[in-house]
Amino acid sequence: MIDKLEFLLALSRERHFGRAAEACAVTQPTLSAGLKHLEESLGLLLVTRGSRFQGLTSEGERVLDWAKRIAQRPASPTSQPQDSAQLRSRASAAARYFGVR
């Protein structure tokens, strides 16, 4: 789930699917599929889509705020395994918050 939250962060920052995919070092279809999977996992529509990126939904903005808080945690080389475990724990807690099992 963390990688998909990174996709959402990049899309919000870049405001363009292709540039967000490039920033994440994935293809645009991979980014789009990852975001769709995140939406399905959370049971929420996060991105307003058309022929191009139109913005985030209100639910998307809420998830984005949560993703930003997770991403802002500093990681040092010695604490990275612990931080990864904490991120997974936070992702699980957020999934429960959003009603995902």
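Quick look at the numbers
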| quantity | calculated |
| --- | --- |
| Efficiency of FRET between GLN72 and ARG49 - r from beta-carbon atoms, R0 30 angstrom, step 0.05 | 0.65 |
| Inter-label distance for GLU61 and HIS16, nm, one decimal - labels placed 7 Å from Cα along Cα-to-Cβ | 2.4 |
| Space enclosed by the convex hull of the alpha-carbon atoms of the stretch 1-42, per residue, Å³ | 53 |
| Within-15-Å neighbourhood charge of GLY18 [Cβ basis; K, R +1; D, E -1] | +3 |
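Where a number appears in this text, it was derived from the coordinates with a stated rule and is not lab data. Just so it is clear, the structure is predicted and the values come from calculations on it, not from any experiment. Cβ coordinates were reconstructed from backbone atoms using ideal geometry, including for glycine residues, and neighbour counts include every protein chain displayed.
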